[in-house]
Amino acid sequence: MNFYDELGALAKEIEVDNYKVANDILDVADEVKEIKSASLINKNDRIVAVNPLQGLMKGRVYICGDIVAPNYAVIKEDTGEDVGIFRMDRFVLDYDQI
C-alpha cells in the first residue's frame with residue numbers, strides 16, 4: 001500500500017468521528033501526490049510512459065537509465081534491455097514505488 005492509499009484509509013476510518021479532520025487528511029494526501037508527480041526522475045527510477053512514441057507503450061512501466069542530455073535519458077525495459085533515448089517529459093514516476 002502506498003502513502004496516498006494509507007492516508008485515504010485513515011481518513012475513511014476516522015470519518016465517522018470527525019468529517020473535517022478526514023477531509024484535511026485527504027487534502028494533504030492530494031498535495032503529497034501532486035508533489036511526488038512533479039519530482040524529478042532519476043536514474044534507476046521506475047517510470048510510466050504517458051506519451052507514446054515508437055517503441056513506447058502508454059501506461060507501460062520502464063526503468064530510467066543514464067541521463068544523456070538535459071531532459072533526455074536512456075529508457076530500459078524492466079528486464080534491462082535498452083528501448084532507446086527519449087525526452088523525460090514523456091514519463092512520470094511510477095506511483096506504486098512512491
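The values are calculated or read from the model by the stated rules, or taken from the named source; none is laboratory data. Given the structure is predicted, the values throughout are model-derived calculations rather than measurements. When we count neighbours, we look across all protein chains shown, and the Cβ atoms used for this are built from the backbone with ideal geometry, even at glycine.
Results, tabulated for the structure shown:
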read-out	value
Of the criteria (1) over 30 Å from E6 (Cβ atoms); (2) modelled with pLDDT of 90 or more; (3) part of a loop (DSSP other than H, G, I, E, B), which one F86 fails	(3)
Counted residues, region 56-80 - those being of a type in the set (G, A, S), over 16 Å from I41 (Cα atoms) and in contact (Cβ under 8 Å) with a residue 12 or more places away in the chain	1
Extreme residue, nearest to D94 (Cα to Cα), among residues of region 60-71 that are touching a helix residue (DSSP H, G or I) at 6+ places or on another chain (Cβ under 9 Å) and at pLDDT 90 or above	V61
Residue match in region 24-41 (condition: part of a loop (DSSP other than H, G, I, E, B), more than 16 Å from the chain's Cα centre (by Cα), buried (at least 16 other Cβ atoms within 10 Å of the Cβ) and modelled with pLDDT under 90)	no
Looking only at region 42-72, and only at residues there that are over 13 Å from the mean Cα position of the chain (by Cα) and in a strand (DSSP E or B), the one that is surrounded by the fewest Cβ atoms within 10 Å (Cβ to Cβ)	A69
